[in-house]
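A short write-up of the structure that comes next.
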Amino acid sequence: MGRGPVELDRILDGERRKRVAAYPDVTVGEPERRDATVSANHMLSSGFGNLLNNAVQHNDGDPTVAVRTTVDERERLARVTVADDGPGVSEDQREGLFDRAPPGSSSSDTGVGLYLVDVLTAEYGGDVWVEDSDLGGAAFVVALSLADES
(Lines give C-alpha, C1' and ligand atoms only; values in the text may rest on other atoms or scores of the structure.)
Protein backbone atom coordinates (compact mmCIF):
# COMPACT_ATOMS: atom_id res chain seq x y z
CA MET A 1 0.00 0.00 0.00
CA GLY A 2 1.71 3.20 -1.14
CA ARG A 3 1.90 6.44 0.78
CA GLY A 4 1.96 10.05 -0.24
CA PRO A 5 0.96 13.47 1.04
CA VAL A 6 -2.62 13.66 2.35
CA GLU A 7 -4.31 16.86 3.56
CA LEU A 8 -5.47 16.01 7.05
CA ASP A 9 -8.05 18.82 7.28
CA ARG A 10 -9.78 17.61 4.10
CA ILE A 11 -10.05 14.04 5.41
CA LEU A 12 -11.29 15.08 8.87
CA ASP A 13 -13.80 17.56 7.46
CA GLY A 14 -15.20 14.99 5.02
CA GLU A 15 -15.60 12.30 7.68
CA ARG A 16 -17.12 14.79 10.13
CA ARG A 17 -19.69 15.89 7.53
CA LYS A 18 -20.68 12.27 6.87
CA ARG A 19 -21.33 11.67 10.58
CA VAL A 20 -23.32 14.90 10.96
CA ALA A 21 -25.53 13.85 8.02
CA ALA A 22 -25.94 10.28 9.28
CA TYR A 23 -26.52 11.15 12.94
CA PRO A 24 -28.48 14.41 13.20
CA ASP A 25 -28.81 14.14 17.01
CA VAL A 26 -25.06 13.94 17.52
CA THR A 27 -22.88 16.97 18.13
CA VAL A 28 -19.61 16.65 16.24
CA GLY A 29 -17.51 19.72 16.81
CA GLU A 30 -15.72 21.24 13.86
CA PRO A 31 -11.96 20.70 14.18
CA GLU A 32 -9.56 23.62 14.07
CA ARG A 33 -7.74 23.88 10.78
CA ARG A 34 -4.06 23.02 11.11
CA ASP A 35 -3.07 22.80 7.44
CA ALA A 36 -1.20 19.58 8.17
CA THR A 37 -0.21 17.23 5.39
CA VAL A 38 0.59 13.72 6.58
CA SER A 39 2.19 10.71 4.96
CA ALA A 40 -0.72 8.32 4.29
CA ASN A 41 -3.10 7.34 1.48
CA HIS A 42 -6.81 7.41 0.62
CA MET A 43 -7.58 4.76 3.28
CA LEU A 44 -6.91 7.30 6.03
CA SER A 45 -10.52 8.43 5.76
CA SER A 46 -11.68 4.89 6.66
CA GLY A 47 -9.60 4.98 9.82
CA PHE A 48 -11.03 8.28 11.02
CA GLY A 49 -14.51 7.23 9.92
CA ASN A 50 -14.24 4.18 12.17
CA LEU A 51 -13.12 6.28 15.14
CA LEU A 52 -15.99 8.72 14.65
CA ASN A 53 -18.49 5.87 14.29
CA ASN A 54 -17.23 4.26 17.49
CA ALA A 55 -17.57 7.56 19.36
CA VAL A 56 -21.21 7.77 18.26
CA GLN A 57 -22.28 4.12 18.42
CA HIS A 58 -20.76 3.31 21.80
CA ASN A 59 -22.45 6.24 23.49
CA ASP A 60 -25.91 6.44 25.03
CA GLY A 61 -28.12 9.49 24.66
CA ASP A 62 -27.10 12.42 22.49
CA PRO A 63 -23.35 12.03 22.06
CA THR A 64 -20.90 14.87 21.80
CA VAL A 65 -17.72 14.21 19.82
CA ALA A 66 -14.73 16.54 19.54
CA VAL A 67 -11.97 16.25 16.96
CA ARG A 68 -8.72 18.03 17.78
CA THR A 69 -5.49 18.21 15.82
CA THR A 70 -2.12 19.27 17.15
CA VAL A 71 1.00 19.60 15.05
CA ASP A 72 4.50 19.27 16.45
CA GLU A 73 6.94 20.53 13.83
CA ARG A 74 10.00 19.51 15.89
CA GLU A 75 8.86 15.90 16.11
CA ARG A 76 7.37 16.10 12.58
CA LEU A 77 4.07 14.68 13.88
CA ALA A 78 0.40 15.48 13.64
CA ARG A 79 -1.78 14.12 16.43
CA VAL A 80 -5.52 13.80 15.92
CA THR A 81 -7.72 13.17 18.95
CA VAL A 82 -11.29 11.91 18.59
CA ALA A 83 -12.85 12.42 22.03
CA ASP A 84 -16.36 11.71 23.24
CA ASP A 85 -18.56 12.07 26.31
CA GLY A 86 -19.58 8.41 26.45
CA PRO A 87 -18.83 5.73 29.03
CA GLY A 88 -15.12 5.61 28.16
CA VAL A 89 -12.83 2.61 28.01
CA SER A 90 -11.76 1.12 31.33
CA GLU A 91 -8.13 0.18 31.94
CA ASP A 92 -8.89 -3.55 31.73
CA GLN A 93 -10.69 -3.09 28.38
CA ARG A 94 -7.71 -1.31 26.83
CA GLU A 95 -5.55 -4.42 26.59
CA GLY A 96 -6.24 -5.95 23.21
CA LEU A 97 -8.63 -3.16 22.21
CA PHE A 98 -7.07 -2.91 18.76
CA ASP A 99 -6.90 -6.68 18.21
CA ARG A 100 -9.28 -8.26 15.76
CA ALA A 101 -12.02 -10.21 17.52
CA PRO A 102 -11.82 -13.88 16.53
CA PRO A 103 -14.71 -15.30 14.50
CA GLY A 104 -17.45 -16.63 16.75
CA SER A 105 -16.30 -14.62 19.76
CA SER A 106 -18.87 -13.47 22.29
CA SER A 107 -18.19 -9.83 21.43
CA SER A 108 -21.17 -7.96 19.97
CA ASP A 109 -18.71 -5.90 17.94
CA THR A 110 -17.16 -7.33 14.78
CA GLY A 111 -13.72 -6.28 15.99
CA VAL A 112 -12.74 -4.93 12.61
CA GLY A 113 -13.03 -1.15 13.07
CA LEU A 114 -10.33 -0.49 15.67
CA TYR A 115 -8.21 -3.26 14.20
CA LEU A 116 -8.35 -1.44 10.84
CA VAL A 117 -7.38 1.84 12.50
CA ASP A 118 -4.38 0.12 14.13
CA VAL A 119 -3.28 -1.61 10.91
CA LEU A 120 -3.58 1.57 8.83
CA THR A 121 -1.80 3.70 11.40
CA ALA A 122 1.06 1.19 11.59
CA GLU A 123 1.22 1.07 7.79
CA TYR A 124 1.68 4.85 7.80
CA GLY A 125 4.46 4.59 10.40
CA GLY A 126 2.25 6.09 13.09
CA ASP A 127 0.69 5.06 16.37
CA VAL A 128 -2.79 4.93 17.93
CA TRP A 129 -3.85 4.67 21.56
CA VAL A 130 -6.78 5.38 23.85
CA GLU A 131 -6.83 7.59 26.92
CA ASP A 132 -9.44 9.32 29.05
CA SER A 133 -11.27 12.20 27.38
CA ASP A 134 -11.65 15.60 29.00
CA LEU A 135 -15.30 15.26 27.91
CA GLY A 136 -15.69 12.30 30.28
CA GLY A 137 -15.47 9.41 27.82
CA ALA A 138 -12.73 7.98 25.63
CA ALA A 139 -10.16 9.82 23.55
CA PHE A 140 -8.52 7.97 20.67
CA VAL A 141 -5.26 9.57 19.60
CA VAL A 142 -3.69 8.95 16.19
CA ALA A 143 -0.12 10.16 15.65
CA LEU A 144 1.02 10.42 12.03
CA SER A 145 4.22 11.64 10.41
CA LEU A 146 4.03 14.92 8.60
CA ALA A 147 4.68 14.56 4.89
CA ASP A 148 7.99 15.76 3.51
CA GLU A 149 7.82 19.30 2.18
CA SER A 150 9.47 18.42 -1.13
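Summing +1 for each Lys or Arg and -1 for each Asp or Glu, what net charge is found among the other residues whose Cβ lies under 12 Å from the Cβ of Tyr124? Before the final figure, lay out each step's value.
Numbers: positive: Arg3; negative: Asp118, Glu123, Asp127.
Spelling it out: positives minus negatives among the neighbours equals -2.
Just add up the charged neighbours of Arg3: K/R +1, D/E -1, any other residue whose Cβ is under 11 Å from the Cβ of Arg3. Each step should come with its number before you reach the end.
Working: positive: none; negative: Glu123, Asp148.
Net of charged neighbours comes to -2.
Accessible area per residue of segment 24-98 at 1.4 Å probe, in Å²? Show your work: numbers first, answer last.
Values: 4030 Å² over 75 residues.
For segment 24-98, the per-residue accessible area is 54 Å².
Keeping the other protein chains in place, figure out the carbon and sulfur percent of the accessible area of the chain, with a 1.4 Å probe.
On the way: 3770 of 8350 Å².
Solvent-exposed carbon and sulfur of the chain make up 45 percent of the total.
Nearest 5 is fine: what % of DSSP beta bridges in the chain come out antiparallel, could you say?
Values: 26 of 28 bridges.
The antiparallel proportion sits near 95 percent.
Return the tail of the calculated pair distribution for segment 13-150, meaning the percent of Cα-Cα pairs more than 27 Å apart.
On the way: 1695 of 9453 pairs.
Here the tail beyond 27 Å accounts for 18 percent of pairs.
Taking a quarter of the surface of the Cα convex hull of segment 1-65, what do you get in nm²?
Over every viewing direction, the Cα hull of segment 1-65 projects on average to 4.5 nm².
Rounded to the nearest 20 Debye, what is the dipole magnitude of the chain about its Cα centre when Lys and Arg each give +1 and Asp and Glu each give -1 at the C-beta?
For the chain, the charge dipole is close to 520 debye.
The values are calculated or read from the model by the stated rules, or taken from the named source; none is laboratory data. This is a predicted model, so every value here is computed, not measured. In this analysis, Cβ positions are derived from the backbone assuming ideal geometry, glycine residues included, and neighbour counts consider all displayed protein chains. All accessible areas refer to the heavy atoms of the entire protein, side chains included, with ligands and DNA or RNA removed. Shrake-Rupley method; radii C 1.70, N 1.55, O 1.52, S 1.80 Å.
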